[in-house]
1. Considering region 90-107 alone, what residues qualify as being of a type outside the set (A, V, I, L, M), surrounded by fewer than 19 Cβ atoms within 10 Å (Cβ to Cβ) and in contact (Cβ under 8 Å) with a residue 24 or more places away in the chain?
2. Which of the residues that make up region 295-327 are of a type in the set (A, V, I, L, M) and either under 30 Å from Ala205 (Cβ atoms) or within 16 Å of the chain's Cα centre (by Cα) (or both)?
3. With respect to Pro312, is the statement that it is buried (at least 20 other Cβ atoms within 10 Å of the Cβ) and out of contact with any strand residue (DSSP E or B) (no Cβ under 7 Å at 6 or more places or on another chain) true?
4. Tally the residues that are farther than 18 Å from Val118 by Cα and either surrounded by 24 or more Cβ atoms within 10 Å (Cβ to Cβ) or charged (D, E, K, R) (or both), restricting the search to region 131-150.
5. Here are some conditions: (1) buried (at least 24 other Cβ atoms within 10 Å of the Cβ); (2) closer than 23 Å to Val20 by Cα; (3) in contact with a Phe, Trp or Tyr (Cβ under 6 Å, 6 or more places away or on another chain). Leu195 meets all but one. Which one does it not meet?
6. Could you list, in sequence order, the residues of region 331-342 that are surrounded by 13 or more Cβ atoms within 10 Å (Cβ to Cβ) and not basic (Lys, Arg)?
7. Phe219 is checked against (1) of a type in the set (Phe, Trp, Tyr); (2) buried (at least 20 other Cβ atoms within 10 Å of the Cβ); (3) in contact with a helix residue (DSSP H, G or I) (Cβ under 6 Å, 6 or more places away or on another chain); (4) not in a helix (DSSP H, G or I) and fails just one. What number does that condition carry?
8. Would you tally the residues in region 222-242 being part of a loop (DSSP other than H, G, I, E, B) and of a type outside the set (A, V, I, L, M, F, W, C)?
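The values are calculated or read from the model by the stated rules, or taken from the named source; none is laboratory data. Just so it is clear, the structure is predicted and the values come from calculations on it, not from any experiment. Positions of Cβ are backbone-derived with ideal geometry, glycine not excepted, and every protein chain shown enters the neighbour counts.
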Amino acid sequence: MNLFFSLATSFFIGFIIMPVIILVMKKFNFTDVPGGRKIHSGYIPSMGGLGFISASFFGMLSWLSFEEVMFARYFLVALAIMFSVGVRDDLMELSAIQKLLGQCIPAFFIIVMADIRVSGFYGFLGIYEIPYVASVTLSFFLLIILTNSFNLIDGADGLAGSLSAISFLVLGIWFHQVGLDAYSLISFTLIGGVLSFLVFNWYPAKIFMGDTGSLSLGFALTVLVVLFVDKNGTMAGWEGLKLQAPISAGLALMIVPIYDTVRIFSKRIAKGKSPLKPDKSHVHHFLMRMGLRHDQVSMVLGGITCIFIALPFVFSGVTDNLLFPIMVLFAVLLGVWLDARTLHHVRENVLTSPGISEKMEANKNKQTKKPHVISDQIFEKDNLNMN
């Protein structure tokens, strides 16, 4: 019952304070300016994460017992630090080095203090346990990369919130089933906060989450996925629902940000560009070029995420040695098809749209109307108004 109450609490608090944040952000001109890589129109307030992450903390501290707070204390401290890094970056933009250093501190709390890390490959490629130093290094790399990967997909109304809510729901149910009640409640509380934000972020968005929200959400999701994978790979079958392909299940929970990051980095490097140079080559940009609206993009990618998540649970007896390459191949083929469809749609638009000379001629005709034509049009409009 506490799971429902924590979700409801964070949703209610977030729903109440989000309009206030929108008003304050507009008053002090904390808005995202359209143009460049921005695909929205109008000046939309940012820093929505300030509302729903604060609401989530309120829900967690309201419904976690003292023992659960102590059990998850390092996670809560790390999330609070990452939240502060996001707030600082939204208010006064941090350099890449400053942001990386700020992310290293919560990563240290999670990996070293909370001991949430990838402890092995759980039989994948015949590897089970790995040395502690290798485990810490790999876990640190995953936390930083996946947190920022999630930050990169926050480019369409409702997208980051929808994908995180789906994954948090699966994680919350599974943690509850295996007895990790503190992390189950944390997952459900974050769902409530995200849902309160989606009310105002769904297309057309009234507010964006900013780095305050995307870094915090990405970090929380990455940590919980790492915990899910390691617990799944090391627990006994009698402890709860044990999947034989924990790495594949972790991949499925973050399939969109992982695929998107690998895809754009590979393309940029192949073209001789810096992999960190921003552009409009993300997967949500391609879907929009196919004519989809923001909400349709969110639903399509959310549906794809659900399909990938279902695979490790449906084939729970299949190991990573078989399921992981199948999922990677499926993702690659889906991406190739998406690129081909997008290119085909763009070519069709080019062929059917008027040429530059036609547009110039049309503009010329509009600008060189004779006086009597203009007066006739005004007269016609006057007649219409009189009727």
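1. Cys104
2. Hits for region 295-327 are Val297, Met299, Val300, Leu301, Ile304, Ile307, Ile309, Ala310.
3. Taking the combined requirement at face value, the residue satisfies it.
4. So the answer is 1.
5. Against the list (1) buried (at least 24 other Cβ atoms within 10 Å of the Cβ); (2) closer than 23 Å to Val20 by Cα; (3) in contact with a Phe, Trp or Tyr (Cβ under 6 Å, 6 or more places away or on another chain), Leu195 comes up short only on (1).
6. Result: Ala331, Val332, Leu334, Gly335, Leu338, Asp339, Thr342.
7. Going through the list (1) of a type in the set (Phe, Trp, Tyr); (2) buried (at least 20 other Cβ atoms within 10 Å of the Cβ); (3) in contact with a helix residue (DSSP H, G or I) (Cβ under 6 Å, 6 or more places away or on another chain); (4) not in a helix (DSSP H, G or I), Phe219 breaks only (4).
8. 2
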